[in-house]
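*Asks:* Sending over a structure as structure tokens; questions will come in a sec.
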Amino acid sequence: MIRLITAGRLRRLREDADQSRTDARAVQEQANAAWSQHIRELYAVTDRAERAEAATSEVGTILARAMEQLSATEQELLLKAIEIRRLRTELEAGPTEGSVLTVLLHYGEPHTIYASREDAHADTATHGMPADHVWQRCDERPAAAFTWRCEAFIYNAISKGFHRAQMPARRPVGGAA
């Protein structure tokens, strides 16, 4: 079959082809713009996901550290609660006949009270005394003559008070005998 193409038809075909190319370019530009927008959104989502993952990791580290500190604090509180209970029981029981307290004197002035002489001696090491200092019984000099001096006090149930374990030697008052 032979078909005759007229100049008008050829012109319309060219116009249709040109319009199709223009439409194809427009569609291609829209596709490129959509692809570019899609890639930008993909990068943005990936960046947000990476930042969220990093933040989650950091929060996890902070939470783990906080849990460790909380656990240590709970242990410390438990130990303090046990010590408080023990001290309350001891306080409620009150002193018993013959129980001893040691008063650490600094130049004759009371400094601290201890449950034992060993605790008082150990504490003087924190105040400048050598840890291996050999403690000796005090002579008749007044307590103010010693830098550090330990005095024992014994509980007397009858008087409901503590009395010095070693009374100083009596001296005549005003030269009287």
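The values are calculated or read from the model by the stated rules, or taken from the named source; none is laboratory data. The structure presented is a predicted model; accordingly, all values stated were derived computationally and were not measured. So basically every Cβ, Gly included, is an ideal-geometry build from the backbone, and we count neighbours across all protein chains shown. Heavy atoms of the whole protein, side chains included, go into the accessibility calculation; ligands, DNA and RNA do not. Shrake-Rupley method; radii C 1.70, N 1.55, O 1.52, S 1.80 Å.
*Asks:* Can you give the FRET efficiency to the nearest 0.05 for GLU83 and ASP47, using r as the Cβ-Cβ distance and R₀ = 41 Å?
*Replies:* The pair GLU83/ASP47 has a calculated efficiency of 0.15.
*Asks:* According to a simple spin-label model (label point 7 Å from Cα along Cα-to-Cβ), what is the distance in nm between ALA93 and ALA72?
*Replies:* 3.4
*Asks:* Calculate, for ALA125 and ALA157, the FRET efficiency according to 1/(1 + (r/R0)^6) with r their C-beta to C-beta distance and R0 30 Å; round to the nearest 0.05.
*Replies:* Efficiency, from the Cβ-Cβ distance: 0.30.
*Asks:* Continuing with the same structure: Please give, to one decimal in nm, the separation of the simple spin-label points placed at ASP18 and ALA34, each 7 Å out from Cα toward the Cβ.
*Replies:* Taking the simple label geometry, ASP18 and ALA34 are separated by 2.8 nm.
*Asks:* Okay, next question. If you roll a 1.4 Å probe over the heavy atoms of the protein chains, what accessible area per residue do you get for segment 17-161, in Å²?
*Replies:* For segment 17-161, the solvent-accessible area averages 79 Å² per residue.
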